[in-house]
Amino acid sequence: MFDLLNKIVNENKKYIKNGHVATYIPALAEVDENQLGVAIVDLRDCNCKEYFAGDYNKSFAIESTSKVIALIMAMMDNSPQYVFRKIGVEPSGFAFNSILNMKINNKPYPSNPFINAGAIIVNSLIMGKNSNEKTNRILEFTRKLTNNPNIHVIEDIYLSEKRTGDINRSLAYYMKGHGLIDNVEDVLDCYFRQCSISVTAIDLARIGAILANKGVSPFTGEMIIPRDICTIVKSIMVTCGLYDESGDFAVHIGIPAKSGVGGGILATVPNKMGIGVFGPSLDAMGNSVAGVKILQQLSNELVLDIF
Ligand code: DON
């Protein structure tokens with residue numbers, strides 16, 4: 001498997017030039033766009049072995065991939081029924097930071113939890129009396145999912161997001177105007193920190209492995225996420241995980257996945273494996289351009305398509 005992953009990373013480096021790092025968050029514009037790495041936590045191996053290649057151990061900002069973690073927490077803190085009274089589960093058909101899903105569809109709530117408007121609502125549903133307390137809970141839960149005590153907020157990214165996050169601010173105030181959230185600044189502060197958590201491809205692969213294993217940690221045997229919540233999250237990853245590229249990704253790759261503008265993709269192959277990819281050069285939709293290609297090749301070579 002190590003040889004296969006090395007080969008796949010090398011063969012897909014050529015796609016890096018087809019994209020660019022995200023620039024709308026200034027601190028992300030400074031990231032080296034030539035990085036590319038992949039990690040797998042294989043459940044089919046009874047020792048649950050980890051395989052990796054390339055820049056698998058480089059830290060980067062989790063960004064929208066954190067929406068998976070936040071959604072799990074909001075559902076565990078409340079219930080899935082409660083959460084989905086405030087957000088939908090349909091693809092939006094618009095960019096991740098667009099307000100149009102609420103305006104054009106004339107729906108009083110965001111289309112799904114993985115666009116920014118939906119993720120801001122999800123963050124507001126996480127228990128905790130303020131941004132500090134909620135951020136600490138998100139960090140603790142992410143450490144548990146990744147088995148990595150070093151999970152922390154990258155201060156530069158957080159400050160950069162907070163300073164330039166006016167589109168998110170406008171989405172949040174719009175939703176406040178419609179009675180969907182209060183405490184806009186506190187919720188946004190926590191949302192910006194949630195997006196600025198530092199992870200590696202291995203961390204993402206470990207989270208993917210727990211989802212693939214129906215919520216049970218393959219390392220400790222502990223049930224970390226209720227099974228029904230895993231099913232909901234994986235379903236929404238299929239329909240909405242790669243924004244406007246979700247349909248294409250389902251057709252050509254066929255694996256539940258969630259991307260982030262930091263260049264990460266968290267993928268989960270039910271009962272088989274968790275996969276983490278890191279490649280900060282993004283396509284026009286905001287997904288890792290070479291990362292998507294790596295997942296396509298892996299899906300073909302290992303026959304991972306769930307359909
Ligand atoms: O709110 C934002 O715009 C970023 N913190 C996260 C966006 C993101 O990762 C969208 N992903 N592809």
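The values are calculated or read from the model by the stated rules, or taken from the named source; none is laboratory data. None of the values given here were measured: they were computed from a predicted structure. Cβ placement follows ideal geometry from the backbone for every residue including glycine, while neighbour counts extend to all protein chains displayed.
What to note about this one:
- Residue match in region 224-236 (condition: of a type in the set (Ser, Thr, Tyr) and modelled with pLDDT of 95 or more): yes
- Failed item in (1) over 23 Å from LEU282 (Cβ atoms); (2) small (Gly, Ala, Ser); (3) surrounded by fewer than 19 Cβ atoms within 10 Å (Cβ to Cβ), with ALA212 passing the rest: (3)
- Hey, VAL41 touching a Cys at 6+ places or on another chain (Cβ under 8 Å), away from the ligand (no atom under 16 Å from the Cβ) and not in a loop (DSSP other than H, G, I, E, B) or not: yes
- Any hit, region 62-82, residues being more than 22 Å from ALA117 (Cα to Cα), among the polar types (S, T, N, Q) and exposed (fewer than 15 other Cβ atoms within 10 Å of the Cβ): no
- ILE229 vs. criteria touching a residue at least 24 places away in the same chain (Cβ under 8 Å), out of contact with any strand residue (DSSP E or B) (no Cβ under 6 Å at 6 or more places or on another chain) and more than 12 Å from the ligand (Cβ to nearest atom): yes
- Residue within region 242-252 that is more than 12 Å from the ligand (Cβ to nearest atom) and hydroxyl-bearing (Ser, Thr, Tyr) present: no
- Residue within region 241-262 that is within 11 Å of the chain's Cα centre (by Cα), β-branched (Val, Ile, Thr) and over 20 Å from GLY88 (Cβ atoms) present: yes
Quick grid of which residues meet (1) aromatic (Phe, Trp, Tyr); (2) assigned to a helix (DSSP H, G or I); (3) not assigned by TED's automatic domain parsing to the domain that holds GLY291:
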position	(1), (2), (3)
LYS176	no, yes, yes
GLY179	no, no, yes
ASP182	no, no, yes
VAL187	no, yes, yes
ASP203	no, yes, no
THR220	no, no, no
ILE225	no, no, no
CYS230	no, yes, no
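- Of all residues making up region 274-307, the number that are in contact with a strand residue (DSSP E or B) (Cβ under 8 Å, 6 or more places away or on another chain) and of a type outside the set (A, V, I, L, M): 10
- Residue under evaluation ALA284, criteria (1) closer than 26 Å to TYR24 by Cβ; (2) in contact with a Gly (Cβ under 9 Å, 6 or more places away or on another chain); (3) modelled with pLDDT of 95 or more, criterion not met: (3)
- Any hit, region 18-27, residues being crowded, with 17+ Cβ neighbours inside 10 Å, out of contact with any strand residue (DSSP E or B) (no Cβ under 6 Å at 6 or more places or on another chain), assigned by TED's automatic domain parsing to the domain that holds LEU295 and in a helix (DSSP H, G or I): yes
- Output for region 267-305, where each listed residue is closer than 13 Å to ALA201 by Cβ, within 12 Å of the ligand (Cβ to nearest atom) and in contact with a helix residue (DSSP H, G or I) (Cβ under 8 Å, 6 or more places away or on another chain): PRO280
- Residues located in region 60-84, provided they are within 16 Å of the ligand (Cβ to nearest atom), out of contact with any helix residue (DSSP H, G or I) (no Cβ under 6 Å at 6 or more places or on another chain) and not β-branched (Val, Ile, Thr): PHE60, SER64
- Residue within region 100-114 that is at pLDDT 95 or above, out of contact with any strand residue (DSSP E or B) (no Cβ under 9 Å at 6 or more places or on another chain) and not hydrophobic (A, V, I, L, M, F, W, C) present: yes
- Matching residues, region 191-201, being within 12 Å of the ligand (Cβ to nearest atom) and outside any helix (DSSP H, G or I): SER196, ILE197
- Residues (modelled with pLDDT of 95 or more, within 13 Å of the ligand (Cβ to nearest atom) and surrounded by fewer than 19 Cβ atoms within 10 Å (Cβ to Cβ)) located in region 167-190: ARG169
- Residue match in region 207-218 (condition: within 16 Å of the ligand (Cβ to nearest atom) and more than 20 Å from GLU90 (Cβ to Cβ)): yes
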